[in-house]
Amino acid sequence: MGERIAVIGAGVIGLSIAHELAAAGCDVTVLADLAPLETTSAVAGAVWFPYAAERSAEVDAMLAVSLRRFVAIAERPEAGVDLREGIVVERAAAPDRSWTALLPAVPADAADLPVGTTGMRTSAPLATMSQYLPWLQAECEALGVRFEHRRVDDPDALAGAFDVAVVAAGARGGALLGDDATVVPIRGQVVRVENPGVTTFVIDDEDPAGLTYVLPRRDCLVLGGTHEAGATSLEPDPAIEAGILARCAALVPAVAGMPILSRAVGLRPGRARLRIEEAPGRALRVIAAYGHGGSGMTLSWGTAARVAAMLAGP
């Protein structure tokens with residue numbers, strides 16, 4: 001490949017795609033009006049785990065690609081990715097454990113679970129995004145990727161300057177292409193607190209009081225969260241924050257009363273099916289790459305590999 005490629009978006013999907021295309025020999029420029037640490041990816045819980053994304057054999061293959069890549073990246077301390085032990089709480093009578101085909105797990109001890117629940121204990125990659133995103137950007141730059149602070153409202157306007165545009169714009173992807181009104185923003189709110197020594201992550205996405213997770217990063221504990229389809233406010237809601245803190249303290253008592261370091265909101269790109277395909281009828285070749293729901297980090301390298309394969313084909 002030798003095409004001039006514009007990647008629209010500098011979140012974890014855009015950066016991963018830019019990296020793989022540059023590694024394949026393409027001339028890549030990332031166009032984005034938000035720096036990586038300003039994107040929804042910087043708000044993400046960033047643990048490898050399928051959440052709010054399409055389930056299909058094709059996506060399962062992408063999950064496997066990402067998992068292998070993150071396990072390898074975790075061997076590089078400077079990248080900010082660690083393999084963490086964790087517990088996935090189950091509340092359904094017949095819980096979905098399909099993810100264990102990729103990520104080995106064993107039943108969690110009852111003493112480590114909320115009363116009346118089951119759960120699985122596993123080990124998964126977890127990224128400290130404040131470190132991982134700048135590292136990934138630097139890796140891209142080392143491969144020759146250029147970064148331009150620029151808002152793109154119409155990929156067709158890039159014709160002439162570029163041969164291909166890859167739309168990795170998250171929740172804005174459908175509107176940017178103008179042919180997809182099915183993308184629904186899913187508001188996620190988190191609170192970052194000092195870590196009193198918690199090393200195990202806990203995810204309880206079936207808590208009847210709301211999505212709940214405690215994720216130990218290198219620089220904090222990320223407490224979450226929310227799954228508000230259609231909500232678009234980026235301002236943290238104090239009442240929602242109080243609920244998050246209460247649920248997380250009930251799940252992991254050690255976090256109760258810990259000093260708050262920061263708070264954040266992001267809009268996940270919700271879509272019934274992941275969109276990775278060519279958008280026809282454009283002024284240049286355009287590849288759509290969005291709709292990852294809450295699995296952006298989890299599917300990032302799988303998405304990048306799939307886009308690279310599309311552009312390498314006939």
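The values are calculated or read from the model by the stated rules, or taken from the named source; none is laboratory data. This is a predicted model, so every value here is computed, not measured. Methodologically, a virtual Cβ is constructed for each residue, glycine included, from the backbone with ideal geometry; neighbour enumeration extends over all protein chains shown. Remember, those area values only see protein heavy atoms, side chains included, never the ligands or the DNA or RNA. Shrake-Rupley method; radii C 1.70, N 1.55, O 1.52, S 1.80 Å.
Using a 1.4 angstrom probe, figure out how much accessible area the chain has per residue, in square angstrom, rounded to the nearest whole. Display every interim value, and only then the final one.
Working: 12680 Å² over 314 residues.
Heavy-atom SASA per residue in the chain reads 40 Å².
Ranked by solvent-accessible area (1.4 Å probe, protein heavy atoms only, all chains present), the residues Thr100, Thr199 order from largest to smallest as Thr199, Thr100. Using a/c under 1.5 as the rounded threshold, could you call segment 121-215 rounded, prolate or oblate? The axes a ≥ b ≥ c are square roots of the C-alpha gyration tensor eigenvalues, and prolate needs a/b larger than b/c, oblate otherwise. Oblate shape, in that a/c is at least 1.5 and b/c is the bigger or equal ratio. A Gaussian network model of the chain, with springs between Cα atoms under 10 Å, assigns the largest mean-square fluctuation among Ala35, Ala57, Ala44 to Ala57.
Of the residues Thr100, Cys248, Leu215, the one whose Cα sits farthest toward the positive end of the charge dipole of the chain, with +1 on the Cβ of Lys and Arg and -1 on the Cβ of Asp and Glu, is Thr100.
Ordering His227, Gly178, Val166 by the projection of their Cα atoms onto the charge dipole of segment 116-255, which places +1 on the Cβ of Lys and Arg and -1 on the Cβ of Asp and Glu, puts His227 at the extreme positive end.
Each Lys and Arg contributes +1 and each Asp and Glu -1, all at the Cβ; summed about the Cα centre of segment 201-311, the dipole is approximately 580 debye. Only Cα pairs under 8 Å and 6+ residues apart enter the sum, and on that basis the relative contact order of segment 59-125 stands at 38 percent.
Remark on Val30: its backbone amide H falls under 5 Å from those of Val7, Arg146, Phe147, Glu148, a criterion applied only to residues 5 or more positions apart or on other chains, H modelled at 1.01 Å from N. For Ile73, the shell of other residues with beta-carbons less than 12 Å away shows a net charge of -1, using +1 for Lys and Arg and -1 for Asp and Glu.
Accessible area per residue (1.4 Å probe, heavy atoms of protein chains only) ranks Arg217, Arg76 as Arg76, Arg217, with the largest value leading. Counting every alpha-carbon pair across segment 176-233, the share separated by more than 19 Å comes to 45%.
Using the Kirkwood formula on the Cα atoms of the chain, what hydrodynamic radius do you get, in angstrom to one decimal?
Answer for the chain: a Kirkwood hydrodynamic radius of 19.8 Å.
Computed in the context of the full set of protein chains, the accessible area of the chain at 1.4 Å probe radius has 55% of its extent on carbon or sulfur.
Over all directions, what mean area does the Cα convex hull of segment 65-195 project, stated in square nanometres?
On the way: hull surface 49.9 nm².
For segment 65-195, averaging the hull's shadow over all directions gives 12.5 nm².
With the whole protein complex present, Arg263 retains an accessible surface near 110 Å², based on a 1.4 Å probe. Backbone amide hydrogens, once placed in the peptide plane, bring Ala105 within less than 5 Å of nothing, excluding anything fewer than 5 places away on its chain.
What is the Rg over Rh value, at two decimals, for segment 147-306, using alpha-carbon atoms and the Kirkwood definition of Rh? If you can, show how the numbers build up before the last one.
Working: Rg = 18.6 Å, Rh = 17.6 Å.
Radius of gyration relative to Kirkwood radius: 1.06.
Computed over protein heavy atoms with a 1.4 angstrom probe, the accessible surface ordering of His227, His149, His292, largest first, is His149, His227, His292. Basic side chains Lys and Arg get +1 at the Cβ, acidic Asp and Glu get -1 at the Cβ, and with that the dipole of the chain about its Cα centre reaches some 140 debye. Springs between alpha-carbon atoms under 10 Å, Gaussian network over the chain: tell me which of Met258, Met62, Met297 tops the mean-square fluctuations. The residue that fluctuates most here is Met258. Between Leu133, Leu143, Leu63, the residue with the greatest mean-square fluctuation in the GNM of the chain (Cα pairs under 10 Å linked by springs) is Leu143.
For segment 32-185, the Cβ-based charge dipole about the Cα centre amounts to some 420 debye (Lys, Arg positive; Asp, Glu negative; other atoms uncharged).
The convex hull drawn around the Cα atoms of segment 4-109, when projected onto a plane and averaged over every direction, covers 8.9 nm².
For n ≥ 4 DSSP H runs only, could you compute -39500 (n - 2.57) per run for the chain, divide by its residues and tell me the 222 nm figure to the nearest 500? Show your work: numbers first, answer last.
On the way: 6 runs with 79 residues, N = 314.
The helix contribution divided over the chain gives -8000 deg cm²/dmol.
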